[in-house]
Amino acid sequence: MSSQLLWFVFVFSIITFVEGNISIGGEACSLNDLRGLTSFKAGIQIDSSGRLPKWVGHSCCKWEGIVCDNRTGRVIEIYLPGLISSDEFFFQSQMNGQLSPLITLLTSLEVIDLGGLVGLAGNIPSSIGYHLPNLRKLNLYGNNLTGDVPESIGKLSKLEELLLYENRLSGSLPPSLGRLENLKMLLLYSNQFSGPIPDSFTNLTNLIHLDLHSNYLTGQIPDRIDQLQVLKELDLSNNSLRGKIPQSLTNLTSISVMYLDTNYLEGEIPFPSSFGQLPSLAFLRLHNNSLSGKIPPSFGYLVSLQRVSLANNNLSGAVPSSLGNLVALTELYLGGNRLSGQIPTSIGQLSQLILLSISHNLIQGPLPHEMSLLQNLQTLDLSFNSLELSTIPQWLAELPSLSKIFLAGCGIQGKIPEFLQTTPSPIQELDLSANNLSGSIPAWLGSLTQLYLLNLSGNSLVSNIPDTVTSLQDLGVLDLHSNKLTGPINQIFEIGKGFPDGSLTCIDLSDNSFSGGIEEIGMGAQCGIQFLNLSHNFLEGRIPMTIARMISMQSLDLSYNELSFNLPEALANVSLLETLKLQKNHFTGKIPIGFLELRNLKELDLSDNLLEGEIPVGEPLINFPESSYSGNKGLCGKPLTPCKPRF
């Protein structure tokens, strides 16, 4: 080779290097990377975080949110998580909502992480698979992307992470994704994908985490899913999958999380068939399906289980004693099935159990005394079974960690036992509804200072509500409906007085015999109430003006009382109101025109009062049926008969 030719090659190499990399202060930056990042910056309309304005000069590896490979100097990651609300920080493409200009120019990037830029809108362009051959991470989660996932993504052979969750992507899942043999994380949840899970997904043998939950996927779980031998987390929940759970799932030796709940799966639970299968399975959710048959005795082989939910299926038969082998179990949900027989004595071996729910089954009593060994149990729900307890076992109240007790519909009789006031762990939630309790509400309930939920509804309790309830500063839910309680209810609205917005969020005192006026009730002290039902009592007087301060109210039912006077204009300030029931009272005057401001109102009943005048014209009042206003002889206007013209 001549010296001139060698010199030409040398000079050409230098020119090529300089064109490909700009060195500023010793920090090289690929021109392709620089162009791509500059294009990305140009596409951002608002950046309240102040990061992108700092993207100046040529040293892009020094820019905030950019990560470069230390060896090659190439950009491998864009990390711009949302630091502010989506209302302040959003991305809007200038090219008809497409990302094509950005994707086309980022031809040398290995990682794109745009997570949290909620305003990123438009479609994922099909060109993405042709211009990003080095891409290892494509993170576009938490944005506002729409349209299909292009088939061309299957050409990104180096891709290890595909995170498109929490967008509005739709269409079918492209089978080409099955060609991404290096893929380790595939997170597509919380979108609008439909159609089946492609069989090609079983080719993703390096996949560790597959999450497709909260879409509209149909069809069956692929039979060959056991090919994903390194899979640790599988979440297909909250879709419309049908058919049986494939037996092949048993062969997933690395799986630790399996969520198949909230689908239409049927048939029996197929795993495990022998000891040693699914050795790492710790979290299993199969609830809200149509599974049938018995809980297999072999279920006790899943010795790594920590949380399991089989609730809300059609499972029958006895609770297998083999569940006592699951010594790592902390939460067990079996409610909403047709399980029968008694709770096995082996349940006492679950020393780590924190929560046990077997509600809404056909379980019979007596409760095994071995349950007293559950020293870590915090929540116990045995509601609506055939236990016929007659009384609450005293050993139950002696469990050292128990703070949430749900024994609704268990056949409990007599008075509320006094030993509940001296439990080792303060009671936080107590549900004894739908039993046969009698006598009065004990004054010592006021000593349960950490009580958040109290449900004594559907019993035969009599007398007044004790004044001591005002000591329940943390009480959030109070349900006493369908008893024989009498007297005033003023003290209820004194609970939490002095605390910001009070403490109560839900009050139901309906179907009792409470009396007296409500005009002087300090409703303003309970600004946080969302649900208030005082119907079917003997309350009288006017609705207090302080109701205007109950700005969190979503449902108000004062029907079937003796209330009178005009409807307060102040109700119009309760803008979140969705349900308003005032029927069967003695309200007079006109419907306040301010009711037109109740934009969220979905249910309204003002029937059978003494209201008069024209119904205010406009939504939402004109949207309700005639029955919402019937029985008021003086009312007229849509949807009732037109008002007569005045001369």
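Evaluated against (1) over 20 Å from GLU331 (Cβ atoms); (2) buried (at least 21 other Cβ atoms within 10 Å of the Cβ), VAL308 falls short on exactly one condition, (1). From the list LEU236, LEU284, LEU249, the lone residue that is touching a helix residue (DSSP H, G or I) at 6+ places or on another chain (Cβ under 8 Å) and not aromatic (Phe, Trp, Tyr) is LEU249. Within the stretch 542-570, the residues that satisfy the criterion of being touching a strand residue (DSSP E or B) at 6+ places or on another chain (Cβ under 7 Å) and of a type in the set (Gly, Ala, Ser) are SER555, SER559, SER564. Taking LEU210 as the residue in question, decide whether it is under 27 Å from THR146 (Cβ atoms), in a strand (DSSP E or B) and not β-branched (Val, Ile, Thr). For LEU210, the condition - under 27 Å from THR146 (Cβ atoms), in a strand (DSSP E or B) and not β-branched (Val, Ile, Thr) - is met. Checking each residue in the stretch 222-239 for being assigned to a loop (DSSP other than H, G, I, E, B) and either among the β-branched types (Val, Ile, Thr) or within 28 Å of the chain's Cα centre (by Cα) (or both) picks out PRO222, VAL230, LEU231, LYS232, LEU236, SER237, ASN238, ASN239.
On inspection, GLU388 passes the criterion of being over 25 Å from GLU266 (Cα atoms) and surrounded by fewer than 19 Cβ atoms within 10 Å (Cβ to Cβ). When the stretch 368-392 is filtered for residues that are in a loop (DSSP other than H, G, I, E, B) and either under 30 Å from the mean Cα position of the chain (by Cα) or within 20 Å of GLN428 (Cβ to Cβ) (or both), the ones remaining, listed by number, are LEU374, GLN375, ASN376, LEU377, GLN378, LEU382, SER383, PHE384, ASN385, ILE392. For LEU329, the criteria (1) within 29 Å of the chain's Cα centre (by Cα); (2) under 24 Å from LEU430 (Cβ atoms) hold in every case but one, which is (2).
Is there a residue in the stretch 152-159 that is at pLDDT 75 or above and touching an Asp or Glu at 6+ places or on another chain (Cβ under 9 Å)?
The answer is yes; a qualifying residue exists.
Among the residues of the stretch 618-647, those identified as within 25 Å of ARG542 (Cα to Cα) and more than 38 Å from the chain's Cα centre (by Cα) are SER630, GLY631, ASN632, LYS633, GLY634, LEU635, CYS636. Condition test on ILE197, is it under 24 Å from GLN247 (Cα atoms) and not in a helix (DSSP H, G or I)? So ILE197 passes the test. Here the stretch 508-522 is the region considered, the condition is being surrounded by 22 or more Cβ atoms within 10 Å (Cβ to Cβ) and farther than 24 Å from LEU432 by Cβ, and the residue that is modelled with the lowest pLDDT is ILE521.
Going through (1) of a type outside the set (Val, Ile, Thr); (2) surrounded by fewer than 18 Cβ atoms within 10 Å (Cβ to Cβ); (3) modelled with pLDDT of 95 or more; (4) over 16 Å from GLY195 (Cα atoms) one by one, PHE275 falls short only on (3). When residues in the stretch 475-507 are screened for being surrounded by fewer than 21 Cβ atoms within 10 Å (Cβ to Cβ), at pLDDT 95 or above and assigned to a strand (DSSP E or B), 5 of them pass. If you filter the stretch 278-300 down to residues that are over 27 Å from the mean Cα position of the chain (by Cα) and over 22 Å from SER340 (Cα atoms), you find that the one that is surrounded by the most Cβ atoms within 10 Å (Cβ to Cβ) is LEU278.
The values are calculated or read from the model by the stated rules, or taken from the named source; none is laboratory data. Given the structure is predicted, the values throughout are model-derived calculations rather than measurements. Cβ atoms come from the backbone with ideal geometry, glycine included; neighbour counts cover every protein chain shown.
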